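K.L.:
This is the structure I want to talk about, given as C-alpha cells.
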Amino acid sequence: MGTETQDEVNTRKGVNESFERIASYGSQTNLIIYLMTYYNMSAATGTSILGIWGALSSGLAIVGAIIADSYWGRFNAVAYGTIFTFIGMVILWLTSMIPQLTTLACSHFQHVCNGPTAFQLAVLFTSFAFTSIGAGFVRPCSIMFGADQLEQKGNPENKKIVESYFNWYYASTGIATMIAVTVIIYIQDRFGWQIGFGIPVILMVLSVSTFLIGSPLYIKVKTDTENLLLGLFQAGVAAFRKRKIHLPLTGCDDYYHSPYETEVLTPSKDFRFLNRACMIEDPERELNPDGSTSNPWNLCSVERVESLKALIRILPMWSAGFMMFVDMNVFAFSVLQTKTMDRHIFPHFEIPAASFSVFLIIALTIWITFYDRVFVPLLSKYTGRPRGLSPVTRMGIGLAVSCMSMALSAITESIRRKRAIAEGHEDDPHALVNMSAMWFVPQYALLGVAEAAHGVGQIEFFYTLLPKSMASIASAMYTVGTAVSSLIGSFLVSSEDWLTSRGGKTSWLASNINKGHLDYHYWILAFMSFLNLLYFLVVCRFYQTENDELPHVADEEECDYRLLHES
C-alpha cells in the first residue's frame, strides 16, 4: 500500500471516528435535562437510568470484542456498530419530533406531574438499546482497527509508532468530544432538541458513508477461527478436570501444542495449576491422528492456557480502575449545579450548563500532548528510558488526581449551596446564585488529567500483557471497566437517595439541589477514591517491576507471546 493510499485510509478512518464521536457524545451529554423536562424524572432516577445505559454500552464491548476477534473481524464490527448507533440516534431524534412520544412538561406550580407511559419509555429505551449495541462493537474495535492500519512488520520504528498512536488516538477523540459538548450542546440549548438531536443524526450518516466508501483501502486482519472466549473456558475446565495430576518441573514434550501455532511456547511458571490443562496424559486417547486434540474440554494448547493466564494477570489492576470511572459519572449532577450559576464568559454569551465538561477534555488533551511531546523526550534524554513513565505509574497518578477532584467538588458544592440558601433560593432550584460557574473549572480539569493519565496507561497495560489474538479484548477490558463503574455509580446513587430520604427527609440527591446535599455525595466519592488508591498500591506489590517498567510475569525465552515487549 503506497503512502498516498495510506494517508487516504487514515483520513477516512479519522473522519468516521470524529463524526461518530461528535454525534454520540453530543446526544448523550445533555440527556439528564431532557429526561427531567420531557419525561418528568427526578435527578436521581434520571442519573441512575443514564448510569445503567452507560453500563450496558460499555459492558457489551466484551461481546463485541469476542465477535470481532472470532467471527466478523474488526472492520465489520465497526461498520455494523456504527449503523446500530445511527438507528438508535434516529429513534431518539423521533422522540423530540413526535409529541406523543414524550410527556407534557411539568409546570413549576404543579405539585404532582404525570410520568411517562410504558409505551413512551419503551421507545426511549429502544433508542438506548440500539446505541448500546453500536457502542459495544465500535468502542473495543475502533482503536485496534486503527492500530491495524499502522502495523508495519519489519519496520524498526513500528513499536514507537503504535505506542504514540494510543496517546494521539485519545487526544483526537478528546477534540471530537470537545466539539460535541460545546457546539452540539449549544445548539440544543439555543434551538431546541429537534435540531439538537437532528444534527448528530446527519453526522452519523456522514460517519457511516465515509467509513464504508473506504472499505477497499483498509487493512483487514484475519479473525481467529476458534472461539476465543469458549477456548478460555475450556482451558479452565481442563485444568480443573486434571487437578489431581502431578505437574513435572521440566519436559516440554509433555505439553500439547496446537498444530496451528507458529512457534512452540513453554508454559510460564506463574499460575502453574493451569498448566495441567495443556499437559498430555494419554496421547492415544487425547490426540487425534492429525495431532489435534480429541476433546478441548480435557486438553488445551499452551497458547490458550497462556491467554487465560494473561487475562488473570490483569484482573487485579483492572479492578483498581473502577472507582475512577465512578468519579467520572458525576456529570449529571454537575449539569444541575452549573445551571444555577452565572455561566457568562462574555456579557452576551454564556456557556451551556452541559458544556462545562469541555474543560475536562481540554485538560485531557493538554496533558496527553505535553506528556507525549515534552515529558517523554526529556525523560528519555536524561534517564535513557524511551517510554517515559510506566503505564502502572500513570494509572496511579490518575487515581490520586481523581481523589483530589472529588474532594474539591465537595468543597465547591458546599460553598455554592450555602450561598444559594443565604440568598433565599432554598425552595427555588431554578434561581441563579450570585456565583460564577468558573468555580467548577478546576475540578473538571483535574478529572481530565486523571482520565488521561489513567485511561491511556490502562489501555497500554492491557495491550502489552495480552496476546495479539486478544487485541480487541485488551480494549474491551477498559470499556467493560467503565460498565462496572456505571453500575456501581447507579447503585450508589439509588441507595444513597433511598437511605437519605427515609422518614420523609429530603434526599441528599434531591432534584432541588439547594435542599439536597450533593457535597455529602462528593465527600463519599472522595473517601471511596482514597480507599481505592490504597487498594491500587497493594495491587502493585503483586507485580514484579524492574526500573519502573511493566511487570515481567514470565521470561521472554519461556513465553514470548505478548504483542509489545518492554525495552
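The values are calculated or read from the model by the stated rules, or taken from the named source; none is laboratory data. Note that this is a predicted model, so its numbers are computed, not measured. Here the Cβ is made from the backbone with ideal geometry for all residues, glycine too, and neighbour counts use every protein chain on show. Accessible surface is based on the protein model in full, side chains and every heavy atom, while ligands, DNA and RNA are left aside. Shrake-Rupley method; radii C 1.70, N 1.55, O 1.52, S 1.80 Å.
K.L.:
With the range 276-331 as the region, which helices (runs of 4 or more DSSP H) entirely inside it contain at least 3 residues that are surrounded by fewer than 23 Cβ atoms within 10 Å (Cβ to Cβ)?
P.N.:
Output list reads 283-286, 302-319.
K.L.:
Also: Right, Tyr39: open to solvent by less than 10 Å² (accessible area, probe 1.4 Å) and among the aromatic types (Phe, Trp, Tyr) or not?
P.N.:
The answer is yes for Tyr39.
K.L.:
Within the range 385-400, does at least one residue satisfy the condition of being among the β-branched types (Val, Ile, Thr) and under 17 Å from Ser334 (Cβ atoms)?
P.N.:
no
K.L.:
Condition test on Thr369, is it in a helix (DSSP H, G or I) and either of a type in the set (Phe, Trp, Tyr) or open to solvent by 10 Å² or more (accessible area, probe 1.4 Å) (or both)?
P.N.:
It is true that Thr369 is in a helix (DSSP H, G or I) and either of a type in the set (Phe, Trp, Tyr) or open to solvent by 10 Å² or more (accessible area, probe 1.4 Å) (or both).
K.L.:
Within the range 138-158, can one find any residue that is in contact with a Ser or Thr (Cβ under 9 Å, 6 or more places away or on another chain), assigned to a helix (DSSP H, G or I) and modelled with pLDDT of 85 or more?
P.N.:
Within the range 138-158, none of the residues are in contact with a Ser or Thr (Cβ under 9 Å, 6 or more places away or on another chain), assigned to a helix (DSSP H, G or I) and modelled with pLDDT of 85 or more.
K.L.:
Of the residues that sit in the range 381-401 and are at pLDDT below 85 and open to solvent by less than 30 Å² (accessible area, probe 1.4 Å), which one is nearest to the chain's Cα centre (by Cα)?
P.N.:
Of everything passing the filter in the range 381-401, Pro391 is nearest to the chain's Cα centre (by Cα).
K.L.:
Six or more apart or on different chains, Cβ atoms under 7 Å: show the pairs whose first residue is in the range 91-102 and surrounded by 19 or more Cβ atoms within 10 Å (Cβ to Cβ) and whose second is outside any helix (DSSP H, G or I).
P.N.:
So the pair list comes out as Thr95/Thr102; Thr102/Tyr39.
K.L.:
Is there a residue being modelled with pLDDT of 85 or more, under 24 Å from the mean Cα position of the chain (by Cα) and crowded, with 22+ Cβ neighbours inside 10 Å anywhere in the range 416-435?
P.N.:
No, the conditions are met nowhere in the range 416-435.
K.L.:
A further question on this structure: What is the residue count in the range 332-353 for residues that are among the aliphatic types (A, V, I, L, M), open to solvent by less than 10 Å² (accessible area, probe 1.4 Å) and outside any helix (DSSP H, G or I)?
P.N.:
Residues that pass the stated criteria total 1.
K.L.:
Go through Leu533, Leu518 for me and flag whichever is modelled with pLDDT of 85 or more, open to solvent by 10 Å² or more (accessible area, probe 1.4 Å), out of contact with any strand residue (DSSP E or B) (no Cβ under 6 Å at 6 or more places or on another chain) and not basic (Lys, Arg).
P.N.:
Details: Leu518 fails: open to solvent by 10 Å² or more (accessible area, probe 1.4 Å).
Being modelled with pLDDT of 85 or more, open to solvent by 10 Å² or more (accessible area, probe 1.4 Å), out of contact with any strand residue (DSSP E or B) (no Cβ under 6 Å at 6 or more places or on another chain) and not basic (Lys, Arg) holds for just one of Leu533, Leu518, which is Leu533.
K.L.:
Just for the range 289-343: of the residues that are within 30 Å of Val433 (Cα to Cα) and among the small types (Gly, Ala, Ser), which one is modelled with the highest pLDDT?
P.N.:
The selected residue is Ser334.
Yes or no, residue by residue, for (1) in contact (Cβ under 8 Å) with a residue 40 or more places away in the chain; (2) out of contact with any Cys (no Cβ under 8 Å at 6 or more places or on another chain):
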position	(1), (2)
Ser355	yes, yes
Leu364	yes, yes
Gly396	yes, no
Ser405	yes, yes
Ile415	no, yes
Ile421	yes, yes
Ala431	yes, yes
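K.L.:
Of these, Val441, Val449, Val480, Val484, which one is within 30 Å of Val305 (Cβ to Cβ), open to solvent by 30 Å² or more (accessible area, probe 1.4 Å) and in a helix (DSSP H, G or I)?
P.N.:
Of the residues listed, the single one that is within 30 Å of Val305 (Cβ to Cβ), open to solvent by 30 Å² or more (accessible area, probe 1.4 Å) and in a helix (DSSP H, G or I) is Val484.
K.L.:
To continue, here is another question. Taking the range 183-221 on its own, how many of its residues are of a type in the set (Ser, Thr, Tyr), closer than 22 Å to Glu350 by Cβ and buried (at least 20 other Cβ atoms within 10 Å of the Cβ)?
P.N.:
0
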